[in-house]
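K.L.:
Handing you a structure now.
The values are calculated or read from the model by the stated rules, or taken from the named source; none is laboratory data. Just so it is clear, the model here is predicted, and its values are computed rather than measured. Don't worry about glycine lacking a Cβ; one is built from the backbone with ideal geometry, like all the others, and counts go over all protein chains shown. Each accessible area value is taken on the protein alone, full model and side chains, heavy atoms only, with ligands, DNA and RNA left out. Shrake-Rupley method; radii C 1.70, N 1.55, O 1.52, S 1.80 Å.
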Amino acid sequence: MNYSAQDLEAVEKFASVYLPISDMAVVLGIPADVLRQDIADRSTAVSEAYRRGKTASKIRILTQEMELAKVGSPLALENCRRSLLDMEDDE
């Protein structure tokens, strides 16, 4: 399916707040299975917009977690350790 620039901006924004794909589809007025399939195809612009929005929020969360770890939060330290292991597994 072809998505307008406005649709792509909306998908990126929705993904950045972790809105489920089924809800995005309602707002965009398209079937959820079509949007889900287009997002799963990593070669599409909508997939890139979705992943960009989701990743931007992950960066903000991990940055906040790191700041909490620096001041000694035990939970943040553990979460940062897990994030590091995930990162190393992905290398």
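K.L.:
What does the charge count around Ser73 come to, taking other residues whose C-beta lies under 10 Å from its C-beta (Lys +1, Arg +1, Asp -1, Glu -1)?
P.N.:
Combined, the nearby Lys, Arg, Asp and Glu give -2.
K.L.:
How about Lys70: which aspartates and glutamates have a C-alpha closer than 17 Å to its C-alpha, ignoring those fewer than 8 places off in the same chain?
P.N.:
Answer for Lys70, where 17 Å is the Cα cut-off: Glu78, listed by chain and number.
K.L.:
Quick check: at a probe of 1.4 Å, how many percent of the accessible area of the chain sits on carbon and sulfur atoms?
P.N.:
56
K.L.:
Expressed as an acute angle from 0 to 90° and rounded to the nearest 10, what is the orientation of the C-alpha long axis of helix 5-16 relative to the principal long axis of the chain?
P.N.:
30
K.L.:
So, for the chain, what is the accessible surface per residue at a probe of 1.4 Å, expressed in square angstrom? Write out the running numbers ahead of the final one.
P.N.:
Values: 6390 Å² over 91 residues.
Normalised by residue count, the accessible surface of the chain is 70 Å².
K.L.:
Sticking with this one: With an 8 Å cut-off on Cα pairs and a minimum separation of 6 or more residues, tell me the relative contact order of the stretch 17-74 in percent.
P.N.:
22
K.L.:
With Cβ to Cβ distances under 14 Å as the rule, what net charge do the other residues near Leu62 carry (K, R +1; D, E -1)? Can you show the working numbers first?
P.N.:
Working: positive: Lys54, Lys58, Arg60, Lys70, Arg81, Arg82; negative: Glu65, Glu67, Glu78, Asp86, Asp90.
Neighbourhood net charge equals +1.
K.L.:
Roughly how big is the chain's charge dipole about its Cα centre, with Cβ charges of +1 (Lys, Arg) and -1 (Asp, Glu), in debye to the nearest 20?
P.N.:
240
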